[in-house]
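The values are calculated or read from the model by the stated rules, or taken from the named source; none is laboratory data. Since this is a predicted model, take the numbers as computed values, not measurements. Here Cβ is always computed from backbone atoms with ideal geometry, including for glycine, and neighbour counts include all displayed protein chains.
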Amino acid sequence: MDKFIEKAAALTEALPFIQQFRGETVVVKFGGSIMESEEGYSRIMQDIAFMECVGLRPVVVHGGGKAISRAMKEGSIAPNFVQGLRVTDAATIQVVEKVLNREVNPHLVGIIQQYHGKARGIHGEDIIRVEKMVGTDPDTNETLDWGYVGKVNYVDVEPIQAYLRSDIVPVITPLGKGADGHLYNINADDAATAIACALGARKLVFLTDVPGLLRDPEDKSTLISSLHLSEIDALIDRGVIAGGMLPKIKGMVGAVKSGIKKAHIIDASMPHSLLLELFTSEGVGTEITE
Ligand SMILES: Nc1ncnc2c1ncn2[C@@H]1O[C@H](COP(=O)(O)OP(=O)(O)O)[C@@H](O)[C@H]1O
Ligand SMILES: CC(=O)N[C@@H](CCC(=O)OP(=O)(O)O)C(=O)O
């Protein structure tokens, strides 16, 4: 009997959250090591199908960095990252396009459909315009050139919204087109942020392989559950926000400043962390609010 009451309680606890988020757009980004586990990302796709079914409007932006590196090595191309971004020459962009647009993306769409959700892939270059990424090496002051790596300067949201109006989950690859007509590779965190801002999403959620932002990356008990915009610069200066956390936190700051109410980092390896974050009062991971 208790078991049934518990099950009913879980459903009734979700009710106010479902009512609050119905019709709202939530951009969900995942990539990294979770994409190495079919079981792990299938659970995420199930959560996405659930969200859509109860009236939310999820938009998926996915990475696939590890699969790209594997395919490059199979083609005897050595992966090379500078400041967390893949150096992308003409041969590499072909591998990136194939892995993201023609392998990972249709696979994810297929899993949502297995859960009886409607989903369609969108190739990023059909909706995202970029300029070439440029940077400077802080040690040598030399200009950095990543090749075909882009910084988003425009997202055409109409194809995304058309799918959302038809209750179809858009699943988007982090690729863009340059003014030169060439295909460019985009960090998936940056692509998700730009898409969330352009859509005016209610929430931006990064699923990753750690519980959230940790004060000590080696110690999972040091989770920072809530961060205010004013605290972030000091954490960057102290090196707490570094590596793969930098594009996420910077993206979350940009998103919250552009009007998105909440941005989250949550643990993809915790089963159904996305549903827990959205539909319970517990909250998991790190959130940034204004
Ligand atoms: N303060 C921090 N808290 C948590 N993770 C951190 C921190 N600083 C750096 N990291 C690193 O960021 C990684 C997550 O970013 P990333 O590897 O880019 O994930 P994804 O591929 O899921 O986008 C973690 O696995 C961890 O190694
Ligand atoms: C420019 C750049 O680095 N692009 C990334 C795009 C994929 C990505 O970001 O995948 P994850 O989220 O799985 O890391 C790359 O080529 O790996």
_Pick from region 206-242, criterion polar (S, T, N, Q) and in contact (Cβ under 8 Å) with a residue 60 or more places away in the chain, ranking: farthest from ligand 1 (Cβ to nearest atom)_ = S226
_Residue selected from region 48-71 under the condition surrounded by fewer than 24 Cβ atoms within 10 Å (Cβ to Cβ) and charged (D, E, K, R), by the criterion farthest from R102 (Cα to Cα)_ = E52
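Residues checked against (1) in contact with a His (Cβ under 9 Å, 6 or more places away or on another chain); (2) modelled with pLDDT of 95 or more:
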residue: S166; (1), (2): no, yes
residue: K177; (1), (2): no, yes
residue: T193; (1), (2): no, yes
residue: G200; (1), (2): no, yes
residue: L204; (1), (2): yes, yes
residue: D209; (1), (2): no, no
residue: L227; (1), (2): no, no
residue: A234; (1), (2): no, no
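Per-residue answers, yes or no, for (1) more than 25 Å from M45 (Cβ to Cβ); (2) charged (D, E, K, R); (3) assigned to a loop (DSSP other than H, G, I, E, B):
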residue	(1), (2), (3)
V60	no, no, no
M72	yes, no, no
V96	no, no, no
V99	no, no, no
R120	no, yes, no
E125	no, yes, no
W146	yes, no, no
G150	yes, no, no
Q161	no, no, no
_Selection count, region 224-278, where residues are in a loop (DSSP other than H, G, I, E, B) and within 16 Å of ligand 2 (Cβ to nearest atom)_ = 5
_Where a residue in region 25-37 is over 14 Å from V104 (Cα atoms) and its partner, wherever it lies, is small (G, A, S) and surrounded by fewer than 20 Cβ atoms within 10 Å (Cβ to Cβ), with Cβ under 9 Å and at least six apart_ = T25/G200
*asked:* Of everything in region 194-215, what is away from ligand 2 (no atom under 13 Å from the Cβ) and in a loop (DSSP other than H, G, I, E, B)? Give them in sequence order.
replied: G200, A201, R202, V210, P211, G212, L213, R215
*asked:* When the residues of region 32-78 are narrowed to those that are at pLDDT 95 or above and on the phi > 0 side of the Ramachandran plot, which ends up nearest to ligand 2 (Cβ to nearest atom)?
replied: G64
